[in-house]
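Undergrad: My questions all concern the structure below.
The values are calculated or read from the model by the stated rules, or taken from the named source; none is laboratory data. In this text, all values refer to a predicted model and were calculated from it rather than measured experimentally. Quick reminder, even Gly has a Cβ in these numbers, built from the backbone with ideal geometry, and neighbours come from all protein chains shown.
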Amino acid sequence: MTDAAEDQSWSALRTQLLADPERVRGDESLLQALGLKLEQKNIVEFGPAALSRLAEAREREISARQEIEQVARANFAAQAQTHALAVDLLEARNNADLAFRIDCGAKGRFGVAAGALALEGPAPAGWRSLPTGLVDMILGSGAPWRMGRAPGLAQLFGEEAAEGIESAALVRLSLWSPGRTGVLAFGSHDPEGFVPEMGAELVAFLARVVERTADRWPPGA
């Protein structure tokens, strides 16, 4: 059969099939021979587009899981370093040594710019002395902590240490009896180092350790 005849024969067959497609749909052996199957509403066709969507969903799932794992590892590391610093603070010999260990722990364990202890009124050696009422001005009246940008950093860390500090973690201290108001402060050069959305639980835990440890050396004792 010549090419022209084959084309004419195929054209006639195609016309016939298009005119009566139900006969093809009803012939399962013909469909199998042609490698075809009917699409049914209750059957999911895993074609290339569907497989691509599944692959993308899988990648998102893996990415989300990896992100969760990274956050969990970072939280675990932060907790471990916090507990190690707490043990270190309990070994302080006096209030000056306590302040020194806070600064060293901030830099060595947490990689931030500075750590400091500050107290309204006369302060022990190594602590920053603050005007009365400054803690409320910095943290907010009665607020237990503040995370992120804050005023008064030069008074908390000193002029030189405060240069370049863009964010801070600040927790109120209540020391000795009658109560004295102070602040445990950590400063970071990174504007995103401490942000308001962060939880302050670990820093607050260290603040409680500072309070208990400083109770060993009340002023005038």
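Undergrad: Considering each of Glu201, Glu211, Glu192 in turn, give the residue that is of a type outside the set (Val, Ile, Thr), under 23 Å from Gln81 (Cα atoms) and without any contact (Cβ under 8 Å) to a residue 24 or more places away in the chain.
TA: Numbers: Glu211 fails: without any contact (Cβ under 8 Å) to a residue 24 or more places away in the chain; Glu192 fails: without any contact (Cβ under 8 Å) to a residue 24 or more places away in the chain.
Only one candidate passes the filter, namely Glu201.
Undergrad: Further question on the same structure: Across the range 93-111, what is the number of residues that are out of contact with any Phe, Trp or Tyr (no Cβ under 8 Å at 6 or more places or on another chain), buried (at least 18 other Cβ atoms within 10 Å of the Cβ) and small (Gly, Ala, Ser)?
TA: 1
Undergrad: Residues in the range 168-180: is at least one in contact with a strand residue (DSSP E or B) (Cβ under 6 Å, 6 or more places away or on another chain), loosely packed, with under 14 Cβ neighbours inside 10 Å and either under 18 Å from Cys104 (Cα atoms) or not acidic (Asp, Glu) (or both)?
TA: Within the range 168-180 (the criterion being in contact with a strand residue (DSSP E or B) (Cβ under 6 Å, 6 or more places away or on another chain), loosely packed, with under 14 Cβ neighbours inside 10 Å and either under 18 Å from Cys104 (Cα atoms) or not acidic (Asp, Glu) (or both)), the answer is no, since none of the residues qualifies.
Undergrad: Looking at the range 119-134, can you tell me whether even one residue there is surrounded by 22 or more Cβ atoms within 10 Å (Cβ to Cβ), of a type in the set (Val, Ile, Thr) and free of Cβ contacts under 8 Å to residues at least 60 places away in the same chain?
TA: There is no residue in the range 119-134 that is surrounded by 22 or more Cβ atoms within 10 Å (Cβ to Cβ), of a type in the set (Val, Ile, Thr) and free of Cβ contacts under 8 Å to residues at least 60 places away in the same chain.
Undergrad: Any residue in the range 198-214 that is over 21 Å from Cys104 (Cα atoms), surrounded by fewer than 19 Cβ atoms within 10 Å (Cβ to Cβ) and at pLDDT below 95?
TA: Yes, the range 198-214 contains a residue that is over 21 Å from Cys104 (Cα atoms), surrounded by fewer than 19 Cβ atoms within 10 Å (Cβ to Cβ) and at pLDDT below 95.
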